Amino acid sequence: MKRIFGLIVTLLVLVFGLFFGLLNADPVTVNYYFGTSILPLSLVLVFTLLFGAVCGVLAALGHIFRLRRELHRLRREQRHADEELSRLRPLPVDEA
């Protein structure tokens, strides 16, 4: 059921994107540092969206790597605690 729902949502997004691209096919002039280009508006919007997504991923990489390092440290501490617990369990309890 999830796969069918995901497929339907993906299909709707693609159809919406196709119609959006067809409605915004007017040429626009894009000025950048090394020159200018005339591109369809929909293509400029898609490139801008992709550029923003890449910038967001690059901005999040530092946080992701820090969290992965902390996860590795916590798993190592848990493994050491489990080893210590397994060594202490067979010892008799002193009721003094």
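Every read-out reported here was derived from the displayed coordinates using simple, explicitly stated rules and does not represent laboratory data. Keep in mind the model is a prediction, meaning the values are calculated, not measured. Counting neighbours? That spans all protein chains shown, and the Cβs are built from the backbone with ideal geometry, glycine included.
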For this session: Treating the angle as unsigned and between 0 and 90°, give the value, to the nearest 10°, between the Cα long axis of helix 41-88 and the longest Cα principal axis of the chain.
Result: 0 degrees
For this session: Putting +1 on Lys and Arg Cβ atoms and -1 on Asp and Glu Cβ atoms, find which of A60, F19, L74 reaches farthest to the positive end of the dipole of the chain.
Result: F19
Exercise. Amide H to amide H, which residues 5 or more places from V30 or on other chains are under 5 Å from it, using H placed in the peptide plane?
Worked result: S37, I38, L39
Seminar exercise, completed: To the nearest 10 degrees, the tilt of helix 2-23 (Cα long axis) against the first principal axis of the alpha carbons of the chain is 30 degrees
Exercise. Rounded to the nearest 0.05, what FRET efficiency is calculated for V57 and T10 with R0 set to 30 Å and r the Cβ-Cβ distance?
Worked result: 0.90
